[in-house]
Every structure is written in structure tokens, then in C-alpha cells.
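These notes are about the structure you will find just below.
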Amino acid sequence: MVRRAYRQRSLVEVLLPDADKLWDPTLRRIDALLEDEVLVDRVAEALAQRHRQSQCRGRLGTPAAVVLRMLVLKHLHDWSFDECEREVRGSLVYRAFCRIDGERVPDAKTLIRLARLLDEPVLKDVLARLVALGRERRVVRGRRLRVDTTVVETNIHYPTDATLLADGVRVLTRTLRRIGGRVRERTRSVARRVFEIAQRSRTAGSRVRPRVRAQSKAKMKVLYQSLMRITRAVVRQAEAAVARARSRRQAAPLPATIELIRQVLAQTRARVLRGDTHYPGKVVSLFEPHTEIIRKGKLAKPTEFGRLVKIQEAEAQFITDYAVCERRQSERALWAPALDRHIALFDRAPRLAVADGGFASRTNERAARDRGVRHVVLPRQSRETRSRIARAALRWRTGSEGRISALKRRHGLRRCRYHGESGMQRWVGLGVIANNLLVLGRAGP
């Protein structure tokens, strides 16, 4: 049964009369912000969706206030679920902050199950409430807007055709054994071929002699053909197991995995055997199939594997909205929705709206002016022809790079540790919420 909070006196107040001196001032202000009834009610409403009668039946579950505060604490410090459980259990201050006090600390598995209920609409509502609290405290006024994008990587290894085929063989073999099917052990032969392909690829580059390079490529093609033959055999065995499975529930993961592996086989055939390196719809992970191949022109990391994320800010480095972009969505298409979201949050258009050159177009400038933005700075012209306001606005825009860097270093947005597309939404949303709470806490009363 869902409940909002525990009902008892704080353990810190009982044991330590001067316990307020143990609190960090910023953490104390964040604690006061999370006392907001609207935030707790929204989380409690989300937890009630776990079962149809969670609000009136069943054993007492973890309170909504505890779930919200533990997730906030986890993303404030970029902890894992196990680290969060351990730190809260061993600290009186964290027990008081999470409103646990003398009760049992929820274990990591319980927190994982409850965190999955906080989907994108819930986190967007929590973020909108924090924007309203920032307006009440006059930390953010909505007079300025800056928009930028970044890449949040998914938790995958570097994808090659050989390793993807090896992943497919391993996953299908493991799943077939789990449902009780007889399967031939082929993982060792696959591993040998993958290792030899990696060794041959060292002498298949442009720095070696043409004769050696041709021999290495020919040998790699033979190894890939052998690897694809083994993979197709395992796929056929998995399809036969699905056809004769008594329980559809046990064999439920197999059809989706088989379809992904067939896509990997098709792209390997096109890329390696036919030389078509521009094969559309490439699969780069069997475990995170929503991952995209993104090239943003960075010298240190020219190719990234993850999802494009839009971050929009107002004053005081306060993030007012975020969005995990759809696949193959351009930056120019994000400009108008960012303006509309800003107007919905602040009931007026910003005086200044600025972004980098990826958003620049005459259509976007016209869209901003039609919505009432006084100064629109999307750098299409050269530096010599820019006005003084444009130069100052672009200097302010570079602060978004620092905010994205802080999100990645402090709140873990460098790489998503949650699974699936919904996990990406939850990881980014909780990181943004933790950032805004930190901004409000440091701003003071």
C-alpha cells in the first residue's frame, strides 16, 4: 500500500540535540525544498500505478518521500544503487534527509523497482514544479533562454560486427539453456574467430604494405563467413525452440533477440562481404538497441554511441527543460519546441534567445520573433558583422558548455547506467532534477 512518509520523531533529534550542525547548508536547503507537498503527491501518484489497488490494499510500501529523496541523493553524488543504500544506512544525516530515521533503509533492489515507476511525465512534472519554486525564490525569471545539445552514451562496448555476432550467439545460447532446450556449445569457437579477426585487423590498415593488407582482408572475410555460419546455425536452433516451446512466457525474449541478430547478419553481409559501409539502420548493440551513432565533430571523440539530449537553461544555470531526442532528429527541429516550452513555463517569451550554429536558420529566427522574442541570436553571420548584443549573448551562450560538463562530471550524464529507452529518460531527468536542486540550494533563501 502506498504511503507518503513515515510517522515518527527524527532519530537525529533524539540522539543528538545539536545535530543541525552536522548538516551541510546546501543539503539543508535542498531538504526544505523537498518538503513541498506537490512533489511528494506526484511521486505518490506514480507509485500507486504499480498495481490497481496499491492505494488501499497490500502491505505498507516504501513511502513516496523516501523514494524521492533517496533518488535525489543518489544522483546528487552519482552513486550506484548499492552505494546509495550503504551511505544512507551508515549516516544519521542521510537518514534524516531521506526521512528514514529509525526505520529500515530500502535495499537496492527495492529502490530499482520503485525507480522504474518514475517515467518521463512524472519527472517532467517534478521539473516544472522546481521551475515554479525557482520563480517564487526569484532565482530564475525566464528573461533569457539558451539551448544546446549533448550526447549521453549508452552503457555498451565499442560495437564491431564480430563482437555483435558473438553477443548474439552468447545471448541465444544462454536463453535456450534457461528454457530447458538442448544447445550445442559454440561460444569458444566464436571467441577464437573474434580474437583472430581483431588480430588481423591490425595489419589491414593503410599503414601496411598493399600485399599484406590484401592478405589480411581476404583472411578476415573468410573468418567473418565462418562466424556468420555459426551464428545462423544458432539462430535456426532458437527459432525451432520458439516453435516447440510449451510456455510462450519462457520463450518471450527470443523473437526480439532473433530479429536483432538477423539485422546484424544483414549489415555484416553488406559491410564486410559486399563493401557497403553506408548500410542504413545499423544495430550497434543487442542490449541497448535504441543506441544511435552520432558524430558531432569532436576531435577527441569523433564518433559517440548513445542518444542526443537537448538541454535548455534560463538564468543562474537553471535547467528549465530537457528532451531525449528522437532518432536522427536535427538540432534545427528542436528550436521551436524549446521556445514553446519556455513560454508554457514562464507565461511569456524570453527577451533573449540564443543557441549555437546547429540551430541557425532563417526559419528559426522568424519563429522566435513571431513568438515575441526581442533579441534572437543564432550565429549565421561572421564575427565582424555581429552587433554588440550578439557578441555578449554568444559569450553567455558558452556557459551552457560548462553546465553540460558539470552534468556529466557531477551527475553522471556522461554515460547512462539504466537500461532501455525509458531508463535513458529516467537517467537524464533525475540528473537534471539533481542539478536544479543544487542550484536552488546554493542560491540560498
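The values are calculated or read from the model by the stated rules, or taken from the named source; none is laboratory data. Every value quoted in this text rests on a predicted model; they were computed, and no experiment measured them. Here Cβ is always computed from backbone atoms with ideal geometry, including for glycine, and neighbour counts include all displayed protein chains. For the accessible areas, the whole protein counts, side chains as well, though only heavy atoms, and no ligand, DNA or RNA atoms are used. Shrake-Rupley method; radii C 1.70, N 1.55, O 1.52, S 1.80 Å.
Within the stretch 271-316, can you find the residues that are assigned to a loop (DSSP other than H, G, I, E, B) and touching a Phe, Trp or Tyr at 6+ places or on another chain (Cβ under 7 Å)? The answer is 284, 291. When you scan the stretch 259-274, do you find a residue that is within 22 Å of residue 147 (Cα to Cα) and open to solvent by less than 60 Å² (accessible area, probe 1.4 Å), even just one? The answer is no; no qualifying residue exists.
Among residues of the stretch 121-141 that are free of Cβ contacts under 8 Å to residues at least 24 places away in the same chain and under 26 Å from residue 424 (Cβ atoms), those with a beta-carbon under 9 Å from a residue that is of a type in the set (Gly, Ala, Ser) and crowded, with 16+ Cβ neighbours inside 10 Å at least six positions away or on a different chain give the pairs 121/46.
Of the numbered criteria (1) part of a helix (DSSP H, G or I); (2) more than 25 Å from the chain's Cα centre (by Cα); (3) under 28 Å from residue 401 (Cβ atoms); (4) small (Gly, Ala, Ser), the one residue 162 fails is (3).
In the stretch 193-232, how many are of a type outside the set (S, T, N, Q), farther than 16 Å from residue 272 by Cβ, exposed (fewer than 13 other Cβ atoms within 10 Å of the Cβ) and more than 34 Å from the chain's Cα centre (by Cα)? So the answer is 5. Considering each of 368, 333 in turn, give the residue that is surrounded by fewer than 16 Cβ atoms within 10 Å (Cβ to Cβ) and either part of a strand (DSSP E or B) or free of Cβ contacts under 8 Å to residues at least 60 places away in the same chain (or both). The match here is 333. For the stretch 286-330, the set of residues classified as more than 18 Å from the chain's Cα centre (by Cα) and either open to solvent by less than 10 Å² (accessible area, probe 1.4 Å) or modelled with pLDDT of 95 or more (or both) consists of 313, 314, 318, listed by residue number. When the stretch 395-413 is filtered for residues that are part of a helix (DSSP H, G or I) and β-branched (Val, Ile, Thr), only 404 remains.
Checked against (1) touching a residue at least 24 places away in the same chain (Cβ under 8 Å); (2) within 28 Å of residue 416 (Cβ to Cβ); (3) touching a Leu at 6+ places or on another chain (Cβ under 7 Å), residue 94 passes all but condition (1). Taken as a whole, the condition of being among the acidic types (Asp, Glu) and either in a helix (DSSP H, G or I) or open to solvent by less than 30 Å² (accessible area, probe 1.4 Å) (or both) does not apply to residue 185.
Per the listing 101, 107, 119, the residue uniquely touching a helix residue (DSSP H, G or I) at 6+ places or on another chain (Cβ under 7 Å), open to solvent by 10 Å² or more (accessible area, probe 1.4 Å) and either polar (S, T, N, Q) or closer than 17 Å to residue 417 by Cα (or both) is 119.
Of all residues in the stretch 146-154, none satisfies being touching a Pro at 6+ places or on another chain (Cβ under 8 Å), among the basic types (Lys, Arg) and under 30 Å from residue 348 (Cβ atoms). Filter the stretch 434-443 down to the residues that are open to solvent by 10 Å² or more (accessible area, probe 1.4 Å) and not charged (D, E, K, R), then identify the one that is farthest from the chain's Cα centre (by Cα). Among those that are open to solvent by 10 Å² or more (accessible area, probe 1.4 Å) and not charged (D, E, K, R), it is 443. In the stretch 22-36, the count of residues that are crowded, with 18+ Cβ neighbours inside 10 Å, assigned to a loop (DSSP other than H, G, I, E, B) and at pLDDT below 90 is zero. Checking every residue in the stretch 389-408 against the condition of being touching a His at 6+ places or on another chain (Cβ under 7 Å), open to solvent by less than 80 Å² (accessible area, probe 1.4 Å) and either closer than 20 Å to residue 126 by Cβ or among the small types (Gly, Ala, Ser) (or both) gives at least one match. Screening the stretch 233-258 for residues that are surrounded by 13 or more Cβ atoms within 10 Å (Cβ to Cβ), farther than 17 Å from residue 286 by Cα and polar (S, T, N, Q) and picking the one that is farthest from the chain's Cα centre (by Cα) gives 237.
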